Amino acid sequence: MSEAILQVKGVSKSFGGLKATNDVSFDLYEHEILGIIGPNGAGKSTLFNLITNFYQIDEGDILYKGESIVGLTPDVVCRKGLTRTFQVAKPFSGLTVFDNILVGCLPGSATVAEARDKVDGILEIVKLNDLAHEPGGKLTTLQRKRLELGKALATNPDVLMLDEVMTGLKPHEMEEMMGLVLKLKETKTIMVVEHVMKVVMGISDRIIVLDHGVKIAEGTPTEVTNNPKVIEAYLGRSAKKHA
Amino acid sequence: MKKQVDAKNKKFILTLVIISVALLACTVIPFSIYVKHIIIQTVFYAFMATAWNMMCGYTGRLSLGHSAYIAVGAYTSLILYRNHNLTPWVGMLLGGILAMALMFLIAFPCFRFGLKGPYFTLSSIAVMEIVRYLLTSMRSLTSGSLGMSLPYHKTNLFHFQFDHKEPYLVVFLIFWLAAVILVWRMERTRYYLEAIREDDDAASALGISVTKNLIKVALMSAFMVALGGTFYVQYYRYIDPITICGPHMATNLALITIIGGSGTLLGPTIGAALVIPISEILRTSLGDKLSGLHLFIYGIVLIVMIIHMPKGVISIPDVIRRKRESKKAHIETTASESGGASNE
């Protein structure tokens, strides 16, 4: 296996009395897709917010390419090559789709003209060419999710952190998105937080499972689904109910 | 896309040239002094609103206390001129620097900790109030609420004083042009600011430094309106705390920008060209008949504008085009529907 590009070491974060993330550690290797699953409120999105420094961690350390990124601001983390999407897509509503992507291209481009040249390629990847001149606020859910992904891609990241880009999509739209993510794996390292099990199982090389802020399992999709702890924490609950 | 951008730039430059030539022509045409006064005021407010818009229009951080920085500029250059005979041309730079320092004091904590919406607006008003009370109470330096007047000199470029109106128009025009071109050239920053206005978290997730960009334009905006403060002194020859550092001046900049189209290059200029002449005409034609009537009408016009044209006058062509397109689409769909019905 190739080198760990991101190392999360014993990270904890509390909100008041609630331990949202409790001593979580894992490594992310280059050109893999790491799935993060867990029941509602398990701390998946919090983990993303901690890695990108939208929240500051209380304890532990986060190393990106061997360097600690704790205490940086989100924009610096992004410029280092770690870009995340948001669970609730955040398009710049007043800007056109083209300009949304352009804004993502700008920090990494020397001139505005150079950034402008990159936009069409990204619009093509996320299939939004036809809507280039529509305002971002007018898009449907699927289009918003695509735009969210497009904006993240515009920053040309090494590590792409996708927070529920599939949730809320219809089955065939999901297939399309999965294909897209798998294709991106060729050039990037990807972390996905996802609710839809079919998706996570289908695309992830490895999976970590969170429950109440604690990492309870890690391994390949098959290993994880056969782990009794996981079945109890996550899959088991509904299984028992049905039984 | 590149062609579109080039065409847009050409159109923009052409607009600037036409406005400049028209204004320069005004210096030759024998208008009455009153008409010239209105034109000069319009250019002055176009410059000021452009400076306000650069920070507040593009970022959505609504400052209703910009008169604080205008006052700092005006008082600095005037006091230095009166007490030390320093030319206002240098005095206004010092005033601008002082205004930037004041802006930094407030912008840094506000933007570092993400103050926005009404909270930012309230703190901007608070700064204005503080500055005004200081100006009123530091009597030995500012002669308090009596105000200060500019020692008269005959036409003299060094003293930035002219007996005729025309030179003021030329000076204001140059600074307005410089301001508009500056904002136009800051294309990258404008995109960043628009992204920050729409969603600052999403902007920082894309690698844009929110705090740095906000502080940068806030400082530039404070510097520019402080220069405007000096212009005000040199043109009106008298300032007192309530006119130069009061809510009227501050809200005027906001209203002009919002009416013209905030967050656009020429919106503030269009706003000034509408608001200043109209309010002047209303004031002179109605002000003596029923006191306050002109403000009443002004208020109604404003309310109607904000309800029916929230994006400002500059958006009118867009609105018309969109209406026409949707009408066309509507006709086409009804036509195809009725066509489909006849087939059945």
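Based on alpha-carbon centroids, what's the gap between the range A:13-48 and the range B:1-44 in Å, whole number please?
Value for the Cα centre distance between the two parts: 58 Å.
Can you pull the mean other chain C-beta count within 10 Å for peptide B:193-204?
Mean shielding by partner chains, rounded to a whole number: 6.
To the nearest 500 deg cm²/dmol, what mean residue ellipticity at 222 nm is calculated for chain B from DSSP H runs of n ≥ 4 alone, each contributing -39,500 (n - 2.57), summed and divided by the residues?
-25500 deg cm²/dmol
Positive end of the charge dipole of chain B (Lys, Arg +1 and Asp, Glu -1 on Cβ, about the Cα centre): tell me which of B:123, B:274, B:235 has its Cα farthest that way.
Working it through, the farthest residue towards the positive pole turns out to be B:235.
Work out which GluC sites (Glu not before Pro) in chain A are exposed loop sites (DSSP not H, G, I, E or B, at most 15 other Cβ within 10 Å) and give the longest gap free of them.
A:31-185
For the range B:201-296, what does the alpha-carbon gyration tensor say about shape, rounded, prolate or oblate, given a ≥ b ≥ c as the root eigenvalues, a/c under 1.5 as rounded, and a/b over b/c as prolate?
On the way: a/c = 2.84, a/b = 1.80, b/c = 1.57.
Prolate is the answer for the range B:201-296, as a/c is 1.5 or above and a/b outweighs b/c.
By how many nm would the segment from residue B:332 to residue B:84 grow when fully extended, if each residue of separation counts as 0.36 nm and the alpha-carbon distance is taken off?
Result: 81.9 nm gained on full extension.
Taking a ≥ b ≥ c as the square roots of the eigenvalues of the Cα gyration tensor of the protein assembly as shown, is the shape rounded (a/c under 1.5), prolate (a/b larger than b/c) or oblate?
Prolate, because a/c is 1.5 or more and a/b exceeds b/c.
Please build a GNM for chain B, connecting alpha carbons under 10 Å apart, and tell me which residue among B:285, B:137, B:204 fluctuates the most.
Among B:285, B:137, B:204, the largest GNM mean-square fluctuation belongs to B:285.
Calculate the translational D of the range B:15-109 in whole µm² s⁻¹ from Stokes-Einstein, where the hydrodynamic radius comes from the Kirkwood formula applied to all Cα pairs, the temperature is 20 °C and the viscosity 1.002 mPa s.
Estimated diffusion coefficient is 137 µm²/s.
In the range A:169-205, which residues have a backbone nitrogen under 13 Å from the label point lying 7 Å from residue A:31's Cα in the Cα-to-Cβ direction?
Counting backbone N atoms under 13 Å from the label point, the list is A:184-190.
Determine the shape class of the range B:15-247: with a ≥ b ≥ c the square roots of the Cα gyration tensor eigenvalues, call it rounded for a/c under 1.5, and otherwise prolate if a/b is greater than b/c, oblate otherwise. Can you show the working numbers first?
Numbers: a/c = 2.33, a/b = 1.33, b/c = 1.75.
Oblate.
So which of A:151/A:198; A:118/B:2; A:9/A:215; A:151/A:188 end up more than 19 Å apart, counting from Cα to Cα? It would help to have the intermediate numbers written out before the result.
On the way: A:151/A:198 25 Å; A:118/B:2 12 Å; A:9/A:215 12 Å; A:151/A:188 15 Å.
Table pairs above 19 Å Cα-Cα are A:151/A:198.
Label-point separation (nm) for residue B:139 and residue A:15, each offset 7 Å from Cα along Cα-to-Cβ?
In this crude spin-label approximation the distance works out to 5.6 nm.
Between residue A:173 and residue B:166, what's the calculated FRET efficiency when r is the beta-carbon distance and R0 is 45 Å? Round to 0.05.
0.10
Rounded to the nearest 20 Debye, what is the dipole magnitude of chain A about its Cα centre when Lys and Arg each give +1 and Asp and Glu each give -1 at the C-beta?
660
Residue by residue through B:206-215, how many Cβ atoms from other chains fall within 10 Å of the Cβ on average?
Values: counts 20, 19, 9, 7, 3, 2, 2, 1, 0, 0.
Average neighbour count from other chains, rounded to a whole number: 6.
For each pair in B:116/B:212; A:13/A:127; B:8/B:212; A:13/B:216, compute the distance between the two Cα atoms and list the pairs where it is over 27 Å.
A:13/A:127; B:8/B:212; A:13/B:216
Which of A:153, B:317, A:76 sits closest to the plus end of the dipole of the protein assembly as shown, meaning its Cα is farthest towards the positive end, when Lys and Arg get +1 and Asp and Glu get -1 on the C-beta?
Value computed over the given set: B:317.
With a cut-off of at most 11 other beta carbons within 10 Å, and DSSP calling the residue loop, which chymotrypsin sites (Phe, Trp or Tyr not before Pro) in the range B:117-191 qualify? Please list them. Could the numbers behind the result be given before it?
Values: sites: B:119, B:120, B:133, B:152, B:158, B:160, B:162, B:168, B:172, B:175, B:176, B:184, B:191; in loops: B:152, B:158, B:160, B:162.
Counting only loop positions with at most 11 other Cβ atoms within 10 Å, the chymotrypsin sites (Phe, Trp or Tyr not before Pro) in the range B:117-191 are B:152, B:158.
With +1 on the Cβ of every Lys and Arg and -1 on the Cβ of every Asp and Glu, and nothing else charged, how large is the dipole of the protein assembly as shown about its Cα centre, in debye rounded to the nearest 20?
Roughly 1520 debye, rounded to the nearest 20.
Fewest first, what order do A:203, B:303 take by the number of other Cβ atoms within 10 Å?
Ranked by crowding around the Cβ, least crowded first: B:303, A:203.
Report the FRET efficiency, 1/(1 + (r/R0)^6), for residue A:68 and residue A:110, where r is their Cβ-Cβ distance and R0 is 51 Å, rounded to 0.05.
E between residue A:68 and residue A:110, to the nearest 0.05, is 0.95.
Taking the Cα centre of the range B:15-247 as the origin, how large is its charge dipole in debye, to the nearest 20, when only Lys and Arg (+1) and Asp and Glu (-1) carry charge on their Cβ atoms?
Around 340 debye, computed over the range B:15-247.
Can you give the FRET efficiency to the nearest 0.05 for residue B:237 and residue A:96, using r as the Cβ-Cβ distance and R₀ = 45 Å?
Result of the calculation: an efficiency of 0.40.
Under 19 Å from a point 7 Å along the Cα-to-Cβ line of residue B:315: which residues of the range B:176-219 have their amide N that close?
Answer for the range B:176-219: B:191, B:193-199.
Please compute the contact order of chain B in relative form: average sequence separation of alpha-carbon pairs under 8 Å and at least six residues apart, divided by the residue count, as a percent.
Reported relative contact order: 29 percent.
Once every Cα of the range A:35-138 carries one equal point scatterer and solvent is ignored, give the base-10 log of I(q)/I(0) from the Debye formula at q = 0.24 Å⁻¹, two decimals.
Computed log10 I(q)/I(0) values: -1.23.
Post the alpha-carbon centroid distance, the range B:286-319 to the range B:135-201, in whole angstrom.
Taking the Cα centre of each part, the range B:286-319 and the range B:135-201 sit 25 Å apart.
Once the dipole of the protein assembly as shown is set up with Lys and Arg at +1 and Asp and Glu at -1 on Cβ about the Cα centre, which of B:160, B:300, B:286 lies farthest towards its positive end?
B:286
For the residues B:139, B:283, what sequence is obtained by ranking on other C-beta atoms within 10 Å, fewest first?
B:139, B:283
Give me A:99, B:318 sorted ascending by neighbouring Cβ count inside 10 Å, so fewest comes first.
Exposure proxy ranking, most exposed first: B:318, A:99.
Bear in mind that the values in this text are calculations on the coordinates, not laboratory data. The structure presented is a predicted model; accordingly, all values stated were derived computationally and were not measured. For neighbour counting, all protein chains shown are included, and Cβ atoms are generated from backbone atoms with ideal geometry for every residue, glycine included.
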